[in-house]
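Working notes, beginning with the structure itself.
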Amino acid sequence: MKIQYLGTAAAEGVPALFCNCAYCRALRGRIARGEGGREVRSRAQILLDGELSIEFPPDSFYHMARFGVDLSAVRYALITHSHMDHLCAHDLVLRGYKYAHEMTAPHLTLFGNREVLDVVEECTRREMKGEVANNLTLRAVGAFEEIAFDDWKAYTMPARHSSREPLLYLIERGGKRVLHLTDTGLLPEESFAFLGALNRRVDVVTLDCTFLFEEASAAARHMGIAENIAVRSRLLSMGVADERTKFVITHFSHNSAPSDEAVRRAEREYGFIAAYDGMLLEI
Ligand SMILES: [Zn+2]
Ligand SMILES: [Zn+2]
Ligand SMILES: [Zn+2]
């Protein structure tokens, strides 16, 4: 399975859209000199085998233009929740009609909870052409479900986030498995129990690392390295992960100043893989 991390920032991006903190100011200065490199991060999107997109963020256009990916090849979108950095439904009105010719996969099935589907309907109702609407199927999913489409399977479980809305996904295809754990704080016990009952070893775990080395409270709705270590230990002790499993950290915030040096430290000292925009993993 090919896993491409197209966007690796928290909601406001890195540098943050309207921010003049010391980190964002310095990074903008480097970008102006053509030296932003991997520290420039866009909003969350991960592409699996070029045809399944986790999230559909406001930076989808930028991902297509920067990395040359064919987003018309995306047949399935799994949306975790309706926050604006994970779902920019307005862009879906461009998926057909005069806006898109010879699409690789004309039909897109979008999976999300009821809130996600409400946002899609609200954001597209003014501009959606009939031809484009016919190319889109919305499917409601809740927690603790198994969904199957073509040769893909996905299992859903709840996150700890700003509401009980977000879904975490375990996705499998051809014997390979990816566990997607953003946006969430330490997982709710019922999600660990669900993973335990599924009893499947995963190849890649994607972890929310919004706080990086900043301290997070126990009730936090995102994680940092300390919580990532705790989740990794738990998954290893349950047998959901083993020594071959790759743990990838992402969803970085400007508030924790995710410099190259800081994310390299997370890799060197703690054994994580720090995602950057465009990073490709093959498993
Ligand atoms: Zn987010
Ligand atoms: Zn900032
Ligand atoms: Zn969120």
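The values are calculated or read from the model by the stated rules, or taken from the named source; none is laboratory data. Note that the coordinates shown come from a computational prediction; the quantities given were computed from them, not determined experimentally. Glycine also receives a Cβ, built like all others from the backbone with ideal geometry; neighbour counts cover every protein chain displayed. Side chains are part of the model used for accessible areas, which takes the heavy atoms of the whole protein and leaves out ligands, DNA and RNA. Shrake-Rupley method; radii C 1.70, N 1.55, O 1.52, S 1.80 Å.
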**Message:** Rounded to two decimals, what is the ratio between the C-alpha radius of gyration of the chain and 2.2 N^0.38 Å?
**Reply:** 0.97
**Message:** Within the range 181-262, what whole-number % of the accessible surface is contributed by carbon and sulfur, with the 1.4 Å probe and all protein chains included in the calculation?
**Reply:** 50 percent
**Request:** Compare the peptides 233-242, 141-150, 207-216 by average per-residue count of other Cβ atoms within 10 angstrom and give them in order, highest first.
**Result:** 207-216, 233-242, 141-150
**Request:** Give me the aspartates and glutamates in straight-line cross-link reach of LYS98: C-alpha distance below 15 Å, same-chain residues under 8 apart excluded.
**Result:** GLU127, GLU131
**Request:** Sequence neighbours fewer than 8 away in the same chain don't count; with that in mind, list the lysines whose C-alpha is under 30 Å from LYS2.
**Result:** LYS153, LYS176, LYS246
**Prompt:** Ignoring ligands, DNA and RNA, what accessible area per residue does the range 1-106 give at 1.4 Å, in Å²?
**Reply:** 43 Å²
**Request:** Specify the inter-centroid distance of the range 1-58 and the range 196-244, based on alpha-carbon positions, in whole Å.
**Result:** 22 Å
**Item:** Antiparallel %, DSSP beta bridges [both residues in the range 2-277], to 5
**Value:** 50 percent
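In deg cm²/dmol, rounded to 500, what helix-only [θ] at 222 nm does the chain give when every DSSP H run of at least 4 residues adds -39500 (n - 2.57) and the total is split over its residues? Walk me through the numbers on the way to the answer.
Details: 7 runs with 69 residues, N = 283.
Only helices count here, giving -7000 deg cm²/dmol.
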